[in-house]
Amino acid sequence: AAGVIQSPRHLIKEKRETATLKCYPIPRHDTVYWYQQGPGQDPQFLISFYEKMQSDKGSIPDRFSAQQFSDYHSELNMSSLELGDSALYFCASSLETTETQYFGPGTRLLVL
Amino acid sequence: AQTVTQSQPEMSVQEAETVTLSCTYDTSESDYYLFWYKQPPSRQMILVIRQEAYKQQNATENRFSVNFQKAAKSFSLKISDSQLGDAAMYFCAYRSESGGSNYKLTFGKGTLLTVNP
């Protein structure tokens, strides 16, 4: 069965640079969630989209923005990167907001 | 706000034996979902099992089963006939079902399970 696809899988950036993470949900899934997992921590919710509209917002820094496109893929844009942004970023998708969330493999971001 | 507590940072079990991981949660809602996710060394988040709060029957998926005690706000995971591949970090997660747009997952801190051969 098709799974959630995230790209890139690994990303190395310098401080103050910009990064763009992409997420391709499971086919027919219309809801996307973004989570951030720091080293040794549990995943923390950042933001979600349902039918291309932002549906919920968590502890997402103002330096980050995201959107969901007409084909339901989503992008997380991160600017003015800081060392503390180094983490594993997960995208999850579900069919409508009430269904189980299935996670992608994550993007490992390292900020130097 | 909902909170999820996993009181066992680490657990170990012998291969082929049974282990139970604990999870408690705090909520004022009556409708919600509970999940167990497994995160192996690859760090992929894999759904293990889910439980709807309105269902009294405990969910079961092959060797994995839960003990859901709604009044006690407890949701433990039992792994039977443990296998080496079960070694992973296990996260308990809560999701509201009370309407609006708050469908994010709230995770516990995780329990690291070691399986000894």
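The values are calculated or read from the model by the stated rules, or taken from the named source; none is laboratory data. Everything numeric here is computed off the predicted structure, so don't read it as measured data. Here Cβ is always computed from backbone atoms with ideal geometry, including for glycine, and neighbour counts include all displayed protein chains. Just the protein is used for accessible areas: all its heavy atoms, side chains included, with ligands, DNA and RNA removed. Shrake-Rupley method; radii C 1.70, N 1.55, O 1.52, S 1.80 Å.
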Open item on the list: On a 1.4 Å probe surface of the protein chains, which of A:Lys52, B:Lys73, B:Lys109 comes out largest in accessible area, and what is the full order?
Closed with: B:Lys109, A:Lys52, B:Lys73
Open item on the list: I'd like the interface area for chains B and A: accessible area of each alone minus the complex, both sides summed, 1.4 Å probe, protein heavy atoms only. What is it in Å² to the nearest 100?
Closed with: 1800
Open item on the list: Beyond a 24 Å Cα-Cα separation, which of these cross-linked pairs lie in this structure: A:Lys52/B:Lys38; A:Lys57/B:Lys109; B:Lys73/B:Lys104; A:Lys52/B:Lys73; A:Lys57/B:Lys73?
Closed with: A:Lys52/B:Lys38; A:Lys52/B:Lys73; A:Lys57/B:Lys73
- [ ] Leaving ligands, DNA and RNA out of it, work out the accessible area of B:Phe91 with a 1.4 Å probe and give it in Å² to the nearest 10.
- [x] 0
TODO: Only Cα pairs under 8 Å and at least 6 apart count here; give the relative contact order of the stretch B:3-116 as a rounded whole percent.
DONE: 38
Open item on the list: Could you work out what % of the accessible surface of chain A is carbon and sulfur, using a 1.4 angstrom probe and leaving DNA, RNA and ligands out of the count?
Closed with: 50
TODO: Net charge near A:Asp71: determine it from the other residues with C-beta under 14 Å of the C-beta of A:Asp71, scoring Lys and Arg +1 and Asp and Glu -1.
DONE: 0
Open item on the list: What FRET efficiency comes out for A:Ala1 versus B:Arg63 if R0 is 25 angstrom and r is the Cβ-Cβ distance? Round to the nearest 0.05.
Closed with: 0.75
- [ ] Between B:Thr3 and A:Arg63, with labels modelled 7 Å along Cα→Cβ, what's the label distance in nm to one decimal, could you check?
- [x] 2.9
Task: Where A:Leu95, A:Leu109 fall by accessible area, highest first, once all protein chains stay in place (1.4 Å) - done: A:Leu95, A:Leu109
Task: Chain-alone versus full-assembly comparison, the stretch A:54-82, residues with accessible loss of at least 10 Å² (1.4 Å probe) - done: A:Ser55, A:Asp56
Task: Derived scalar couplings ³J(HN,Hα) [the stretch A:100-111; Karplus, 6.51 cos²θ - 1.76 cosθ + 1.60; whole Hz; x for Gly, Pro] - done: 4, 8, 10, 9, x, x, x, 10, 8, 9, 10, 10
Open item on the list: Just to confirm, what accessible area per residue do you get for the stretch A:1-81 at 1.4 Å probe, in whole Å²?
Closed with: 52
- [ ] Starting from the Cα-Cα distance between B:Thr114 and B:Leu84, subtract it from 0.36 nm times their residue separation and give me the gain in nm to one decimal.
- [x] 10.0 nm
Open item on the list: Under a crude label model (7 Å from the Cα following the beta-carbon direction), how far is A:Ser79 from A:Lys13 in nanometres?
Closed with: 1.1
Task: Per-selection metrics, the protein assembly as shown (Cα): Rg and Dmax in Å - done: 17.7, 52
- [ ] Provide the gained length on full extension for the span A:Leu95 to A:Lys52, in nm with one decimal, where the gain is 0.36 nm per separating residue minus the Cα-Cα distance.
- [x] 14.2 nm
Task: Selection of GluC sites (Glu not before Pro), the stretch A:44-86, meeting DSSP coil and at most 15 other Cβ within 10 Å - done: A:Glu51, A:Glu82
